[in-house]
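Below is one structure; the comments refer to it alone.
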Amino acid sequence: MASSEPGGGSQGTAKVLLLFAVLAILAAAMAALAALGIGAAAGRFLPAAPLPCPGQPLEPAALGGWSVDVYNASGAEGLAAETAAVLQGRGVAVGKVGNQPAPAVKVPAGAQFPEVVIAAPKSGYAQAAALQELFPESVFMPVDDDATGLRIYLTKPVVTTHTAATDSGAGGAQSTTKLRCVA
């Protein structure tokens, strides 16, 4: 005896094949996003493997003659513009100013997310050291792309320090400092 639904078996097979095709496309898309470092970080920068922190002490750069991009990652209105004005008053040129999420940073259990995240390629390590003198509650994240330049992400309203070394523009010429890197 024949089936009461003509072609019912082939329609069911087609639906199952379509379901498997959709699942395969989703799996491929998720794999591609993971390869780009996107996914768990919800669109935030997350390097595939963190770069090592420079171990040697550095002489901080003098304040001036270099530029930094300033991003508000806190949600507090006007924070990037206010901080950019303070930096400019200290002789630091400011590039881009705006809102952008902070890089995804691993924070040890029980610790709070840092107030400022400083990101720089190897060519900007001395400038990052100068910025860490200005922002004592900051952490440094080395990045491997010179095209991105030096940038800071403000995650909370912050106050810069007012030490003689940073105010004089010497940037700590008499001393060296070791960058405080992300965990």
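Readers should treat all values here as calculations from the given coordinates under stated rules, not as data from a laboratory. Because the structure is predicted, anything quoted here is derived from the model rather than measured. Virtual Cβ from ideal backbone geometry, glycine too; neighbours counted across all protein chains shown.
Rounded to the nearest 0.05, the FRET efficiency derived from the C-beta distance between Lys178 and Lys122 at R0 = 25 Å is 0.95. Per-residue packing, averaged as other Cβ atoms within 10 Å, sorts the ranges 89-98, 129-138, 63-72 into the order 129-138, 63-72, 89-98, beginning with the highest. Taking each residue as 0.36 nm, the span from Ala76 to Leu18 lengthens on full extension beyond its C-alpha to C-alpha distance by 16.2 nm. Working from label points 7 Å from Cα in the Cα-to-Cβ sense, the Leu51 to Gln112 distance is 2.9 nm. Here Lys106 is the anchor, and the lysines within straight C-alpha reach of less than 25 Å, apart from those fewer than 8 places off in the same chain, are Lys122, Lys156, Lys178.
With a simple spin-label model that places each label point 7 Å from the Cα along the Cα-to-Cβ direction, the separation between Val86 and Asp145 comes to 2.8 nm.
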